[in-house]
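All remarks here apply to the structure that follows.
What follows draws every value from the coordinates through simple rules; no lab data is involved. Every value quoted in this text rests on a predicted model; they were computed, and no experiment measured them. FYI the Cβ positions are ideal-geometry reconstructions off the backbone, even for glycines, and counts take in every protein chain you see.
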């Protein structure tokens, strides 16, 4: 079974900031996509903010099993209509992997319903990510922990709803901790937030990070069917038990509800 | 300790539809407020869509411990800025009780992150609400179940994230079931969804419904402190452990992050 | 990939009560196994209370991907040592499907940590199981609901921890409701409780029930690796960061902890 | 409102090991109790393993709102009958605060259903506990974090079901992290696990630790009513909807179910 992955990248700092372009000459999205392409079961394409519909047309999303999301300075430029569209597909079962500064993306905040805030420091310090559940699909092939020599720090409190499962917790050289890998299900879509990924460090060139992303994409792939959620009226004559309508009504037979 | 409750009402069908006005001559919000005022520990005021800021100014929300929300045909007329404001207060700890057709309100969908859809039928059928946890604060004073002789039916599937606790499940005469009472916590705010409340029946005049709402308001009142969630930078010099900055940076010292 | 399923049956009422034997002449476990064998990807064997180790030797459990559990009158005769063994395998990733009266089995109560109690009535009444999440793997191939013409009733309150996902809720002819299909994860094991299955009705001959069990077995199959959970000491010299031991100690180097 | 707290202590190492006795001359339970007695709303008594019924008679438990549990080397000596009794009271609404090495106590493993294992190191290293939710009642009066200069280390993976809320995560000098404060609800009982507390360090003399325990006891106090959970039969004649019994039955009218 092939898994269709769309790697979404904001693609702004790579264009504007030489230090970032040096690390990611083709854009961060292309490096992330290249890592995923190591798995022959994946069919991987990329999409960026600058494309029409930010590269996320209805057709693209319909044929996407797993979407990865990296954004930072341009969250506000993502159109609400596209966010609606992505949310709808997640509820239908598309997997979503939200990366690093994507904690503040419209789509992540939309799906969480919370502030998604945190504390942060840009000091190139060491991060050690501990595996909280070594048997979890996302942690396959990892040891008890893995380290990144230089990272931006994200610290607790992280303004999220309680995750379904805690996969990683980070230890930072400067003394903080963070829930760096966590999962949620919303509708039938599996969501994974993964913390590493600051654009001034070569995080997405790291082999262990690539492994986590491959594991996560496999885990997030849809299972079950695509359910188009709606709010259907059940006419009196179609009730499972025979009933006779009583009392006042607002709606005429066949009328749609308010939305 | 007094609990400050604001009862929000859309107040449209009461004005337009004689059958609704007959049941709720002062508006549904006033009937709901009157039920809550039976508890001397509550200080209750009302607010409606038609007022400036929909009656939900920053000052009103700041001094609200628990907000109840009833809306139906005019969800789309609620301003996004007010929804932002209400969400912020919920995350800070304000309780929120969402009633009946409020399942499709902007604020409920915002906090859940899902479609919040369901199936429905307007046939005045009987509903029996079973208590799933008789020891829960919201179920105090109830028996194993209570009945409403005439209600609109809401049926599964209900498009919500898994609740923290299931309080009521409904049995309908026409053969459906529904998760009619459920709780979630988002940030420090407690959220309770309560299904009954169609405007063509005198649901909010029912003594058991009043009891549930009083219990729920008491349960939803803030505990803990009001935490103003933000995304603060921790300068290198303020790290708990001594560190020396290494590697590239995006931000100048003291600069705010992207949002 | 083949999935190894072990169907465990208490096998007491089938031997003692003619009305049960008539419906399940080879025992309920054989009927359940036959239904699962319809899926060529499954390798299915059975085990019963009366066998040495209740048919659940270490070897059998090691090679079991999914265990189904039906018991009723003889929960107390299941040895605690075997319950320990089954629990350990669930935590390592073996799926567990608990059926009907298995709500009071030692293994289900052990994994839930709660009373698992409910209300009940034996009146051969109609049950309608509503699908709460039509996109879920366990609900594939079902319509909005399915019916069983004659069942024992189980009613709320059901003494369980909040499920991870609600799959089915039942409507009963006599007026009750029940959370009839629910999932939990404990360790790396997926657990599904499925309500239908009273021994005086031919529930496990029903095609829809067979379909649900096949779906559930596929869903519950292990993913990830088998993690043997332990409580290892990390010697000072093996700490990820260099530290020097300070203060008093209870344990000599290399000593195991208390358990 | 007064809250009745029972502080349970294993009271073995205090008797046997001079280094522990020096820090806790009256036993760890008395130090923990003294800290809680700082709050005039609390009525605090202690109970130990060596007393009849381990000091936890039915009468004591009936009148206990919150039980704290510290044990380490003698978990196996706690009688299963007393564990049954404590579990029953938790399900009825009694709060339970499990301390440090109590992660391996029978009562905690019973309520969690999992291994509750972790990694550990006894090196007197520094621990910094970060607050994951500053608005939570258990975190009131704390800053962003607090530190303990000398602690035993506990590290991830921690073999627990996903907590309802994450209150603290620890950073250790030696490089590990741990979910040091977490809550669950089982039945109507609130459960809080709090990590610090090794007997060779004066942890329970620490003012911040005392504050956390006072906050936690207040949070864990019962709300709602005491529900005695059972498995009652609903006779056909008492069904909410009129039904006529059909099909085979196992039980005579009035007979109890199997357990």
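Grab the beta carbon distance between residue B:147 and residue A:251, set R0 = 25 Å, and tell me the FRET efficiency rounded to 0.05.
The calculated FRET efficiency here is 0.60.
Quick check: from the Cα gyration tensor, does the protein assembly as shown come out rounded (a/c under 1.5), prolate or oblate?
rounded
Quick check on segment D:74-159: take the gyration tensor over C-alpha atoms, sort the square-rooted eigenvalues as a ≥ b ≥ c, and tell me if it's rounded (a/c under 1.5), prolate or oblate. Before the final figure, lay out the partial values.
Values: a/c = 2.50, a/b = 1.41, b/c = 1.77.
In terms of gyration-tensor shape, oblate.
Taking residue C:256 in one copy and the same position in all the others, each labelled 7 Å out along Cα→Cβ, what are the pairwise distances from the first, in nm, shortest first?
For residue C:256, the inter-copy label distances come out at 3.9, 5.7, 6.6 nm.
Indicate, rounded to the nearest 5 percent, the antiparallel portion of the DSSP beta bridges found entirely in the protein assembly as shown. If you can, show how the numbers build up before the last one.
On the way: 99 of 183 bridges.
Rounded to the nearest five, the antiparallel share is 55 percent.
Does segment B:72-113 come out rounded, prolate or oblate by the C-alpha gyration tensor, with a ≥ b ≥ c the root eigenvalues, rounded set by a/c under 1.5 and, if not, prolate when a/b is larger than b/c and oblate if not?
oblate
Restricting to bridges with both residues inside segment B:3-220, how much of the DSSP beta-bridge set is antiparallel, in percent to the nearest 5?
Working: 24 of 44 bridges.
Percent antiparallel among DSSP bridges in segment B:3-220 is about 55.
Helix A:80-92 versus the longest principal axis of chain A: what is the Cα-based angle in degrees, 0 to 90, to the nearest 10?
Once rounded, one gets 80 degrees.
Using a label point 7 Å beyond Cα on the Cα-Cβ vector, give me the inter-copy distances for residue C:50 in nanometres, one decimal, shortest first.
Here residue C:50 shows inter-copy label distances of 5.3, 7.6, 7.7 nm.
What does the average come to when, for each residue of peptide C:85-92, you count the partner chain Cβ atoms lying within 10 Å of its Cβ?
2
Ordered by packing density, taken as the mean number of other Cβ atoms within 10 Å over each peptide's residues, highest first, how do C:132-141, B:57-66 rank?
Put in order of decreasing packing, that is C:132-141, B:57-66.
For segment C:191-259, calculate the relative contact order in percent as a whole number, restricting contacts to Cα pairs under 8 Å that are 6 or more residues apart.
22 percent
Roughly how many Å is it from the Cα centre of segment A:214-232 to that of segment B:181-228, as a whole number?
Using only Cα atoms, the two centres lie 32 Å from each other.
May I ask you to report, in nm to one decimal and beginning with the shortest, the distances from residue B:84 to the same position in the other copies, taking label points 7 Å along Cα-to-Cβ?
1.9, 6.0, 6.0
I'd like the distance separating the alpha-carbon centroids of segment A:107-137 and segment B:56-91, in whole Å.
29 Å
Using only the alpha carbons of segment A:202-254, determine the length spanned along each of the three principal axes and report them from longest to shortest in whole angstroms.
That works out to 66, 22, 15 Å along the principal axes.
Counting pairwise Cα distances across segment C:3-220, what percent come out greater than 24 angstrom?
Roughly 36 percent, once rounded to a whole number.
Just from its helices, what would the mean residue ellipticity at 222 nm be for chain B, if runs of 4 or more DSSP H residues each count -39500 (n - 2.57) and the sum is divided by every residue, rounded to the nearest 500 deg cm²/dmol?
-6000 deg cm²/dmol
Report the percentage of all Cα-Cα pairs in segment D:97-136 whose separation exceeds 12 Å, rounded to a whole percent. If you can, show how the numbers build up before the last one.
On the way: 548 of 780 pairs.
Here the long-distance tail beyond 12 Å is 70 percent of all Cα pairs in segment D:97-136.
Give me C:162, A:208 ranked fewest to most by other Cβ atoms within 10 Å of their Cβ, as a rough exposure proxy.
On the way: C:162 21, A:208 16.
Starting with the residue having the fewest Cβ neighbours, the order is A:208, C:162.
Just for the Cα atoms in segment B:132-216, what are the lengths along the principal axes, largest first, rounded to whole Å?
The principal-axis extents, from largest down, are 36, 29, 24 Å.
Considering only C-alpha atoms, what is the centroid distance from segment D:1-37 to segment C:236-259, in Å?
What the calculation gives is 24 Å, centre to centre.
Going from the alpha-carbon gyration tensor of segment C:43-119, what semi-axes, largest first and in whole Å, does one get by taking the root of 5 times each eigenvalue?
Taking √(5λ) for each Cα gyration eigenvalue gives 19, 14, 12 Å.
With everything on Cα atoms, drop me the angle between helix B:207-220 and the longest principal axis of chain B, reported from 0 to 90° to the nearest 10.
Computed tilt is about 10 degrees.
Name the chain C residue with the Cβ nearest the axis that maps C onto A: which is it, and what is the distance in angstrom?
That would be C:164, 3.
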